[in-house]
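Asker: One structure coming up, written as structure tokens, with questions to follow.
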């Protein structure tokens with residue numbers, strides 16, 4: 001059985017460095033953003049969102065562990081509000097490539113839903129790049145509805 005636990009201060013710097021790079025790569029691969037612009041945007045987004053690292057108010061970072069207790073991924077949640085009210089926003093769920101397909105991402109997303117219920121937050125919301133079919137299929141299988149799709153035609 002996998003576990004989700006709060007990320008430690010020792011884990012945070014490595015996590016942030018890796019995930020800035022991965023976020024930039026996703027913007028390039030799935031969003032059509034130029035590599036240098038993606039790198040700049042990723043750094044700006046992380047700096048703006050996690051102003052106090054793990055101590056940033058309203059943000060929670062978790063480490064996903066495999067059956068053996070070894071870290072195999074991460075989950076980043078935040079409480080946000082919009083015109084429909086309060087939500088638990090999933091900024092990122094990431095499982096190491098060699099551990100994907102073992103139910104760890106599903107377990108992390110079920111943890112997110114449990115956290116929303118525990119915090120009395122009525123919905124869990126996330127964004128996913130349109131080309132990321134593996135993630136989209138996972139979210140659909142967990143009951144998430146696709147609410148919008150941004151489309152582009154290059155001319």
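The values are calculated or read from the model by the stated rules, or taken from the named source; none is laboratory data. All values derive from a computational prediction rather than experimental measurement. Using ideal geometry, Cβ is built from the backbone for each residue, glycine included, and neighbour counts are taken over all protein chains shown.
Asker: Return a yes/no flag: does region 74-96 have any residue that is under 17 Å from the mean Cα position of the chain (by Cα), assigned to a helix (DSSP H, G or I) and at pLDDT 95 or above.
Answerer: Within region 74-96 (the criterion being under 17 Å from the mean Cα position of the chain (by Cα), assigned to a helix (DSSP H, G or I) and at pLDDT 95 or above), the answer is no, since none of the residues qualifies.
Asker: Right, next: Those residues that are touching a residue at least 40 places away in the same chain (Cβ under 8 Å) and closer than 26 Å to residue 119 by Cα, I need them from region 58-68; list them, please.
Answerer: Here is the first cut: in region 58-68, the ones touching a residue at least 40 places away in the same chain (Cβ under 8 Å) are 60-67.
Residues satisfying the conditions are 60, 61, 62, 63, 64, 65, 66.
Asker: Looking only at region 19-57, which residues are without any contact (Cβ under 8 Å) to a residue 40 or more places away in the chain, assigned to a helix (DSSP H, G or I) and either within 23 Å of residue 79 (Cα to Cα) or touching a strand residue (DSSP E or B) at 6+ places or on another chain (Cβ under 7 Å) (or both)?
Answerer: The answer is 20, 41, 42, 43, 44, 45, 46, 47, 48, 55.
Asker: On to the next question. If you scan region 134-155, which residues turn out to be under 16 Å from the mean Cα position of the chain (by Cα) and not in a loop (DSSP other than H, G, I, E, B)? Working first, answer last.
Answerer: Narrowing region 134-155 to residues under 16 Å from the mean Cα position of the chain (by Cα): 134-140, 142, 144.
The answer is 134, 135, 136, 137, 138, 139, 140.
Asker: Within region 114-128, how many residues are in a loop (DSSP other than H, G, I, E, B), crowded, with 17+ Cβ neighbours inside 10 Å and modelled with pLDDT of 90 or more?
Answerer: 1
Asker: Go through region 4-15 residue by residue and tally those that are outside any loop (DSSP other than H, G, I, E, B), farther than 13 Å from residue 93 by Cα and either touching a residue at least 60 places away in the same chain (Cβ under 8 Å) or touching a strand residue (DSSP E or B) at 6+ places or on another chain (Cβ under 9 Å) (or both).
Answerer: Result for region 4-15: 3.
Asker: Then there's this: Among the numbered conditions (1) more than 16 Å from residue 7 (Cα to Cα); (2) part of a helix (DSSP H, G or I); (3) touching a strand residue (DSSP E or B) at 6+ places or on another chain (Cβ under 6 Å), tell me where residue 111 comes up short.
Answerer: All conditions are met except number (1).
Asker: Right, residue 49: surrounded by 14 or more Cβ atoms within 10 Å (Cβ to Cβ) and at pLDDT 95 or above or not?
Answerer: So residue 49 fails the test.
Asker: Which of (1) free of Cβ contacts under 8 Å to residues at least 60 places away in the same chain; (2) under 26 Å from residue 151 (Cα atoms); (3) surrounded by 14 or more Cβ atoms within 10 Å (Cβ to Cβ) is the odd one out, the single condition residue 94 does not satisfy?
Answerer: Result: residue 94 passes all but (1).
Asker: Among the numbered conditions (1) assigned to a loop (DSSP other than H, G, I, E, B); (2) touching a residue at least 40 places away in the same chain (Cβ under 8 Å); (3) closer than 19 Å to residue 86 by Cα, tell me where residue 131 comes up short.
Answerer: The number of the failed condition is (3).
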